[in-house]
Amino acid sequence: ISLALSFNLLPEELRPLAAGLLVGNIRRYQNHLSTGIQTTHRAMLELARHGYSDVGWQLITNRTFPSWLYMIDNGATTIWERWDGYVKGRGFQDPGMNSFNHWALGAVGEWMWRNIAGLNPDDAQPGWKHFVVSPKPGGAVTWAKAEYQSIRGRIASDWKIEGGKFSLWVTVPPNTTATIFVPTSRADAVTEAGLAAEKTPGVKFLRAEKDAAVYEVGSGTYSFEAPFPAPK
């Protein structure tokens, strides 16, 4: 299902149904993945793309086998090639194919920088001429920060949840623009540098979505703040 969605092999009207089936399969596996080298990171991306970021967060924060944090809890400092590279009570997998630093499951990094940090290139404007900052908080995580040294300069995203507010700091390099999604259900209450965001010079309000207020900005450093419930 993940491969069919990722490679656009399904007609548009069947994509929501397929995404729902993907979630159903994950639920049947006790809210874990059973996928491998080609599907794991694509499954995570498709969950986010089809409105199931909560499921992606559950998968990335699972601590039971098989999961990424199971690896960390068992001594990993890099991501393993196999979910069962080491299993308590059984020991290590076949050393002939058991790397402890491998891109296969490590490709989940793309989901992390796209959804936790929220840094997304715009395919219509290559080279980060325009990009999207759209963090999707979840999983009881209260802060995240990331930066990317693009060909056009430093791009940064830094957010935290504290005191019922979501604070987001974004750096947009010279001669670039960005679309920024500020997570909130109260678009009317978003501020930038302490002022109502829609009235701040250089910040253009585009629209309010169910769970985000969307803005267009030029180069510079921005500080957004919006009402947001504390993670559970």
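The values are calculated or read from the model by the stated rules, or taken from the named source; none is laboratory data. Keep in mind it's a predicted model, so treat the numbers as computed, not measured. Here the Cβ positions follow ideal geometry from the backbone for every residue, glycine too, while neighbour counts run over all protein chains shown. Accessible surface areas use protein heavy atoms only, side chains included; no ligands, DNA or RNA. Shrake-Rupley method; radii C 1.70, N 1.55, O 1.52, S 1.80 Å.
Per residue, the average separation of C-alpha pairs within less than 8 Å and at least 6 apart gives the range 27-131 a relative contact order of 23 percent. Per the Kirkwood formula applied to alpha carbons, the range 57-106 shows a radius of gyration over Rh ratio, Rg over Rh, of 0.94.
Using a probe of 1.4 angstrom, how much of the accessible area of the range 61-134 is carbon and sulfur, in percent? Each step should come with its number before you reach the end.
Values: 2200 of 3790 Å².
Accessible surface attributable to carbon and sulfur in the range 61-134 totals 58 percent.
Per residue, the solvent-accessible area of the chain (1.4 Å probe, heavy atoms of protein chains only, all protein chains present) comes to 52 Å². Both radii are taken from the alpha-carbon atoms of the range 1-112; with Rh as the Kirkwood radius, Rg/Rh is 0.99.
Counting lysine pairs in the chain whose alpha carbons fall under 29 angstrom apart, excluding pairs fewer than 8 residues apart on the same chain, gives 28. Only bridges with both residues in the range 129-202 count here: give the DSSP antiparallel percent, nearest 5. Bridges in the range 129-202 that DSSP calls antiparallel: roughly 80 percent. Of the beta bridges in the chain, as assigned by DSSP with both residues counted there, near 90 percent are antiparallel. Over the chain, Cα pairs under 8 Å with separation of 6+ residues give a relative contact order of 13 percent.
Among 166-174, 192-200, sorting by the average number of other beta carbon atoms lying within 10 angstrom of each residue, highest first, gives 166-174, 192-200. Divide the volume of the convex hull around the Cα atoms of the chain by the residue count and you get 144 Å³ per residue.
Between the listed residues S167, S99, A196, the Cα displaced farthest toward the positive end of the dipole of the chain, a dipole computed from Cβ unit charges relative to the Cα centre, is found at S99. Centroid-to-centroid, using Cα positions, the range 87-103 and the range 1-69 are 24 Å apart. So what is the 222 nm mean residue ellipticity for the chain from helices alone, if each DSSP H run of at least 4 adds -39500 (n - 2.57) and you divide by all residues, rounding to the nearest 500 deg cm²/dmol? Taking each H run of at least 4 residues, the total per residue is -5500 deg cm²/dmol. Once all protein chains are placed together, I151 keeps about 150 Å² accessible to a 1.4 angstrom probe. The angle between the Cα long axis of helix 40-49 and the longest principal axis of the Cα atoms of the chain comes to about 30 degrees, rounded to the nearest 10.
Treating only the Cβ atoms of Lys and Arg (+1) and Asp and Glu (-1) as charged, compute the dipole magnitude of the chain about its Cα centre; round to the nearest 20 debye. Intermediate values should be presented prior to the final figure.
On the way: 23 positive and 21 negative charges, 60 e Å.
Roughly 280 debye for the chain.
If you stretched the chain out fully between R152 and D73, how much longer would it get, using 0.36 nm times the residue separation minus the C-alpha to C-alpha distance?
Details: separation 79, 0.36 × 79 = 28.44 nm, distance 3.83 nm.
Full extension of this stretch gives 24.6 nm more.
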